[in-house]
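Have a look at the structure below, then the notes.
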Amino acid sequence: MLDQLIALSRELGKPEYDLAILGEGNTSVKLDDGAFWVKASGTTLGTADENSFVKLDLAGAAALLDDDLPTDEAIQAAMLGVRAPGQTRQPSVEAMMHAFLLALPGVTFVGHTHPTAVNALLCGNDAERLVHLCLFPDQIVCCGASPVYVPYTDPGLPLARAVRDRVHAWMRAEGMAPKAILIQNHGLFALGATPKEVTSCALMWAKTARVMLGALACGGIHPLTAAQVARIATRPDEKFRAALIGK
């Protein structure tokens with residue numbers, strides 16, 4: 001599984017995709033032994049290798065969301081305490097959120113990036129409304145009919161808790177796990193059962209954002225109607241195509 005995570009990380013870090021540069025972003029994969037690999041702090045997606053990740057206990061990392069950790073130092077010490085034996089790297093600050101997301105049904109891989117076009121929307125005054133618009137069928141096929149939107153929150157434990165609350169509310173309404181989480185002034189989390197699902201979601205959200213920005217510059221956005229979105233989301237041929245795209 002680590003080799004798949006390395007390949008996913010390098011794919012998301014390709015310069016031509018403009019999803020992440022320098023030390024931006026992080027990725028993770030759930031293992032069958034109750035652990036998960038997550039990108040180590042300070043490493044780069046585009047040049048990821050076997051030394052770019054740290055193995056953590058999944059249940060232990062997820063449980064930290066409910067612990068009383070009043071300082072940054074306490075959070076860091078707690079994160080180091082859930083590393084698997086023999087691990088020495090410092091986990092990404094978002095490792096607790098990855099642990100929560102990897103426990104969702106159907107989620108095995110998570111990719112977090114900061115696409116320029118997506119962040120152009122997320123840093124705007126109308127972000128929440130815009131990211132809930134559906135513009136074209138492939139957006140729905142690859143990214144779902146709607147994302148989870150999370151207002152800006154301090155990265156790390158506060159953000160992990162905010163994402164958990166928003167995801168739980170979204171799942172109660174939708175009855176399934178989300179494919180995408182968009183965080184105001186921050187970036188995108190793409191979730192999937194395979195690396196391809198994560199990559200497809202991230203790339204399609206980057207395209208969606210570029211199309212939105214272009215439409216706004218050309219007189220305004222003409223979104224699909226709710227009925228049109230529901231039709232695409234439930235068509236058997238589109239479900240078949242989504243399954244092929246995610247393999």
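Things worth noting here:
- Hey, GLU16 more than 17 Å from GLY192 (Cα to Cα), open to solvent by less than 10 Å² (accessible area, probe 1.4 Å) and either charged (D, E, K, R) or more than 18 Å from the chain's Cα centre (by Cα) (or both) or not: no
- Candidate set: the range 123-158, residues that are among the hydrophobic types (A, V, I, L, M, F, W, C) and touching an Asp or Glu at 6+ places or on another chain (Cβ under 9 Å); chosen: the one surrounded by the fewest Cβ atoms within 10 Å (Cβ to Cβ): ALA145
- Checking each residue in the range 12-64 for being more than 22 Å from CYS201 (Cβ to Cβ) and acidic (Asp, Glu) picks out ASP32, ASP33, ASP49, GLU50, ASP57.
- Listed by first and then second residue, the pairs linking a residue in the range 43-54 that is free of Cβ contacts under 8 Å to residues at least 60 places away in the same chain to a residue that is of a type in the set (D, E, K, R) and part of a loop (DSSP other than H, G, I, E, B), with Cβ atoms under 7 Å apart and 6 or more places separating them unless they lie on different chains, are GLY46/LYS14; VAL54/ARG89.
- Consider the range 182-226 and keep the residues that are polar (S, T, N, Q) and without any contact (Cβ under 8 Å) to a residue 60 or more places away in the chain. The one that is nearest to ALA20 (Cα to Cα) is SER200.
- From the list ALA103, ALA95, the lone residue that is under 14 Å from LEU58 (Cβ atoms) and surrounded by 23 or more Cβ atoms within 10 Å (Cβ to Cβ) is ALA95.
- Screening ASP138, ASP154, ASP165 for residues that are among the charged types (D, E, K, R) and not in a helix (DSSP H, G or I) leaves exactly one candidate, ASP154.
- Scanning the range 107-119 for any residue that is over 12 Å from the mean Cα position of the chain (by Cα), over 21 Å from VAL229 (Cβ atoms), in contact (Cβ under 8 Å) with a residue 60 or more places away in the chain and surrounded by fewer than 18 Cβ atoms within 10 Å (Cβ to Cβ) turns up at least one such residue.
- Leading residue by the ranking (least open to solvent (accessible area, probe 1.4 Å)) among those in the range 171-188 that are more than 22 Å from CYS123 (Cβ to Cβ) and either of a type in the set (A, V, I, L, M, F, W, C) or in a helix (DSSP H, G or I) (or both): ALA177
- Filter pass, LEU191 being closer than 23 Å to LEU58 by Cβ and either assigned to a helix (DSSP H, G or I) or touching a Phe, Trp or Tyr at 6+ places or on another chain (Cβ under 9 Å) (or both): yes
- Any hit, the range 63-77, residues being touching a strand residue (DSSP E or B) at 6+ places or on another chain (Cβ under 6 Å), farther than 21 Å from ASP3 by Cβ and open to solvent by less than 20 Å² (accessible area, probe 1.4 Å): no
- Test: residue in the range 39-49 that is open to solvent by 20 Å² or more (accessible area, probe 1.4 Å) and farther than 19 Å from PHE189 by Cα: yes
- Residue list for the range 136-188, restricted to those being out of contact with any strand residue (DSSP E or B) (no Cβ under 9 Å at 6 or more places or on another chain) and small (Gly, Ala, Ser): ALA145, GLY156, ALA160, ALA173, GLY175
- Index of the failed condition, SER146 passing every other in (1) in contact (Cβ under 8 Å) with a residue 40 or more places away in the chain; (2) farther than 18 Å from SER92 by Cβ; (3) among the polar types (S, T, N, Q): (1)
The values are calculated or read from the model by the stated rules, or taken from the named source; none is laboratory data. If you're wondering where the values come from, they're calculated on a predicted model, not measured in any experiment. When we count neighbours, we look across all protein chains shown, and the Cβ atoms used for this are built from the backbone with ideal geometry, even at glycine. When the accessible area is computed, the model is the full protein with side chains, heavy atoms only, and any ligands, DNA or RNA have been set aside. Shrake-Rupley method; radii C 1.70, N 1.55, O 1.52, S 1.80 Å.
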